[in-house]
1. How about the range B:73-84: which of its residues are more than 7 Å from chain A (Cβ to nearest Cβ), crowded, with 18+ Cβ neighbours inside 10 Å and not hydroxyl-bearing (Ser, Thr, Tyr)?
2. Here are some conditions: (1) over 18 Å from the mean Cα position of the chain (by Cα); (2) surrounded by fewer than 18 Cβ atoms within 10 Å (Cβ to Cβ). A:Ala182 meets all but one. Which one does it not meet?
3. With the requirement that a residue be touching a Phe, Trp or Tyr at 6+ places or on another chain (Cβ under 6 Å) and over 16 Å from A:Phe236 (Cβ atoms), what does the range A:112-136 give you?
4. Would you confirm whether any residue within the range A:115-122 is more than 9 Å from chain B (Cβ to nearest Cβ) and either outside any loop (DSSP other than H, G, I, E, B) or hydroxyl-bearing (Ser, Thr, Tyr) (or both)?
5. Considering every residue within the range B:183-193, establish whether at least one is assigned to a loop (DSSP other than H, G, I, E, B) and among the hydrophobic types (A, V, I, L, M, F, W, C).
6. A:Arg159 versus (1) free of Cβ contacts under 8 Å to residues at least 12 places away in the same chain; (2) assigned to a loop (DSSP other than H, G, I, E, B): which is the lone unmet condition?
7. Tally up the residues in the range A:92-116 that are on the phi < 0 side of the Ramachandran plot and without any contact (Cβ under 8 Å) to a residue 60 or more places away in the chain, please.
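The values are calculated or read from the model by the stated rules, or taken from the named source; none is laboratory data. From a predicted model like this one, the values you see are computed outputs, not experimental measurements. Don't worry about glycine lacking a Cβ; one is built from the backbone with ideal geometry, like all the others, and counts go over all protein chains shown.
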There are 2 protein chains.
Amino acid sequence: MCVPGTLETVRAQIEAEEPPDVDVDVPRLSRRTALLAGAATALGTAIPGRALAGSAGRSGMRLADLTHVFSEDFPLFPGAPPTSRTTAVTVQADGFYAQQWTLSEHACTHMDAPAHFVAGGRTTPQLRLSELVAPVVVIDIARRAAGDPDTVVTPNDLRAFERRYGRIPRNAVVCMHSGWQARIGSTESYRNADAQQVMHFPGFGKAAVEWLLTRRSIRGIGVDTLSLDPGNSKTFDSHVTVLKANRYGIENLRGLKAIPARGATIYLGLIPWRGGSGGPCRAFAAW
Amino acid sequence: MCVPGTLETVRAQIEAEEPPDVDVDVPRLSRRTALLAGAATALGTAIPGRALAGSAGRSGMRLADLTHVFSEDFPLFPGAPPTSRTTAVTVQADGFYAQQWTLSEHACTHMDAPAHFVAGGRTTPQLRLSELVAPVVVIDIARRAAGDPDTVVTPNDLRAFERRYGRIPRNAVVCMHSGWQARIGSTESYRNADAQQVMHFPGFGKAAVEWLLTRRSIRGIGVDTLSLDPGNSKTFDSHVTVLKANRYGIENLRGLKAIPARGATIYLGLIPWRGGSGGPCRAFAAW
């Protein structure tokens, strides 16, 4: 039970602290660079960061944050050890300021590495950098999820996506946008458990994960919910399927509605936690 | 004191666990994409990730990891709370595996945000994504540091760099490569403290930081040591100078020798720690 208004206050605090969804550099391309970018677009080749590495310094590149603020009151999967933070030193008393954190590897926006469900599977430092930079596509099931929280991503959703946007690229990260981000300010609403403590939120269906692995050779899957599987899963089939295939999952993403359904690149700034079963990760997209 | 051989064993373990310095995708560009990339190079426009976002899926992009494995025995600045990890659940006993961590925001490869030294300064979630993707340059003082651990980066080093490689771009992250990474397996060697507990390792001199801020409008500075300032600093002038300018620092980088002195882009996957004075961060470079 909460004092009335508490959830709303916490939600407003979290939302106020979130960085903006999209961060656009002011375009300042030379005529030659602009022509080049136009040519690239005409060829269907996206060029994230095209001018950043050179002396131009700025470009028309768009960046979108896919990561929630890492906080002690972020909703956790039931049973996960709580997140906590303490102030270790302050500018006033010590001359500088720092916090100390205690956290589960599966708190906030984070990755599930193969070792999370596979004994002897790869841990976070064993994922190669080239696995952490990938084409990203977004499967939007938000409308269906609004009416049915137990809905899952199906092969039909993937075929419908490809009819509209083109083939899912090889080595892509395929993300589910379910609209669940709107519930993030309340653990109760984000978990959406019934009287029997069975949770109800959307996820990937096993058939869709198998389709993506075998037909599109993906890098991994991502969700804007607490779990790759739907909340009512007892067998974690999508977890097991993607992690046994030596690929990864990303949970508690945000901002998926702000990026193109196809054509952006995802950057996964995964801390290489020693022996990590996964762990907190800064995810963002560029296009 | 250690059992003889302990330091060597720990060093070998850390090194064995580090991901490779450079991770190169096999070039597999279409003729049109290759022509486009050639045109871009001719125009002096680097294109990191140029083919990754499109359907090509792979490119000749090079990625270099600048991040050490996050571990409980990584050398800390004296006084920082220790890092620890515990196994929370295992695949054998619980069906899935996860660890729990306790950490200082200033452990392993991490960022110092303005709030670290400036009361009311920006915390990690307040840094914009476009500040975390930037041109990177590497000032190599390794030869001098091998003979004099108290040496610092000076304006002369920056001028010599520009004569050889061209002007430091606006909004760049300027990194010191001192060769200190070779000492990472031993806290004693990495801190290099004398009998009076004064540490001796290289850093940025205040004059170089002022030069970079006022003449080149940089985003931040990075080092392959425990501190932006040299180890023997009592006043933390380089910290204060860069953080009061509302820019950031990155400490304990690795792999700086593996990237071009100029022309790469740095990606800083900073976890948006709530209220963070900075914090662990996955740094990598692409070119």
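1. Taking the range B:73-84 first, the residues more than 7 Å from chain A (Cβ to nearest Cβ) are B:73-80, B:82-84.
Imposing the further condition that a residue be crowded, with 18+ Cβ neighbours inside 10 Å reduces the set to B:74-76, B:80, B:83.
Those that are more than 7 Å from chain A (Cβ to nearest Cβ), crowded, with 18+ Cβ neighbours inside 10 Å and not hydroxyl-bearing (Ser, Thr, Tyr): B:Phe74, B:Pro75, B:Leu76, B:Ala80.
2. Just one mismatch for A:Ala182, condition (1).
3. Those that are touching a Phe, Trp or Tyr at 6+ places or on another chain (Cβ under 6 Å) and over 16 Å from A:Phe236 (Cβ atoms): A:Thr124, A:Leu129, A:Val133.
4. no
5. Here is the first cut: in the range B:183-193, the residues assigned to a loop (DSSP other than H, G, I, E, B) are B:184-186, B:192.
In the following step, the residues that additionally are among the hydrophobic types (A, V, I, L, M, F, W, C) were identified as B:184.
Within the range B:183-193 (the criterion being assigned to a loop (DSSP other than H, G, I, E, B) and among the hydrophobic types (A, V, I, L, M, F, W, C)), the answer is yes, since at least one residue qualifies.
6. (2)
7. Initially, the range A:92-116 is screened for residues on the phi < 0 side of the Ramachandran plot, giving A:92-94, A:96-107, A:109-116.
Now drop any that are not without any contact (Cβ under 8 Å) to a residue 60 or more places away in the chain, which leaves A:92-94, A:96-102, A:104.
Residues in the range A:92-116 being on the phi < 0 side of the Ramachandran plot and without any contact (Cβ under 8 Å) to a residue 60 or more places away in the chain: 11 in total.
Condition check ((1) within 18 Å of A:Ala142 (Cα to Cα); (2) aromatic (Phe, Trp, Tyr)) across all residues:
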residue: A:Phe161; (1), (2): yes, yes
residue: A:Tyr190; (1), (2): yes, yes
residue: A:Ala207; (1), (2): no, no
residue: A:Trp211; (1), (2): no, yes
residue: A:Arg215; (1), (2): no, no
